[in-house]
Structures are given as C-alpha cells and as structure tokens.
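Written below as structure tokens is the structure these notes are about.
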Amino acid sequence: HIFDVALKHLAPRGRLIIAGVIAEYTRHESAVHSVDIYDKLLWKSATLHGFWLPDYAQYYMQYARELLELHQAGKITTVIDPTPFKGLKSVPDALEYMNGWHSCGKVVVEI
C-alpha cells in the first residue's frame, strides 16, 4: 500500500527508492502488477531504484561511527513507539502492531 501511494504521488522525473520489503511479509495478494508500475514510471519519466544494504558493507563501520557520534551529540534522535510490549509472549502482538502500520518509530519488546 505504501509503495502504491508513493508511486502515485511521485513527481515527474522523480526517484523512488526501495530499501526493504517488510510490507510484503504480510501481503496476501499473489500478483504484482508490473505493467501498472512500468506504465506509471514511464509516463512520469521516473525511476525505481533498489538499495540493498549488503552491497555497501565496506562503508558500514565508517557510517555507523558517524551516526553514533551524531546521536551522542544530540543531533539525531531515536524514536521509540510508546506502546508497551512485555515478555516473549507479546512478540507476535508487537509484530502484528508493526506490520499493521500502527507504529511510529522502533517497536520494543521488554523481556
């Protein structure tokens, strides 16, 4: 759903980046409407670009250090969803909450 909305509102000559497929984990539709995607990209002269983190493994430590420094300096913050999940038995509920697009930030399960 998020992909479809982003594609619909993509600007002419815009770029849409795919960095994960968590939305597909719970998708019940079996068909991907590739013709619709091609058509929408073509008429907007837009591009779809995949980003696979392992392809950038050589940069991981450098940028992890930079992110840590920015976090420690208070220049970036972590957002944690306030919904409480406690114990291993709550993990399925936490996953359902996250996959249902109800969360804002990281979902934490207190063990």
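Some notes on this structure:
- Residue that is farthest from GLY20 (Cα to Cα), among those in region 47-62 that are without any contact (Cβ under 8 Å) to a residue 24 or more places away in the chain and aliphatic (A, V, I, L, M): MET61
Conditions tested, residue by residue: (1) of a type in the set (Lys, Arg); (2) over 24 Å from VAL21 (Cα atoms); (3) surrounded by 12 or more Cβ atoms within 10 Å (Cβ to Cβ).
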position	(1), (2), (3)
THR78	no, no, no
PRO84	no, yes, no
LYS89	yes, yes, no
VAL109	no, no, yes
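- Single residue of TYR97, TYR60 found to be loosely packed, with under 12 Cβ neighbours inside 10 Å and either outside any loop (DSSP other than H, G, I, E, B) or under 19 Å from the mean Cα position of the chain (by Cα) (or both): TYR60
- Boolean, ASP39 is at pLDDT below 90 and assigned to a helix (DSSP H, G or I): yes
The values are calculated or read from the model by the stated rules, or taken from the named source; none is laboratory data. Just so it is clear, the model here is predicted, and its values are computed rather than measured. Counting neighbours? That spans all protein chains shown, and the Cβs are built from the backbone with ideal geometry, glycine included.
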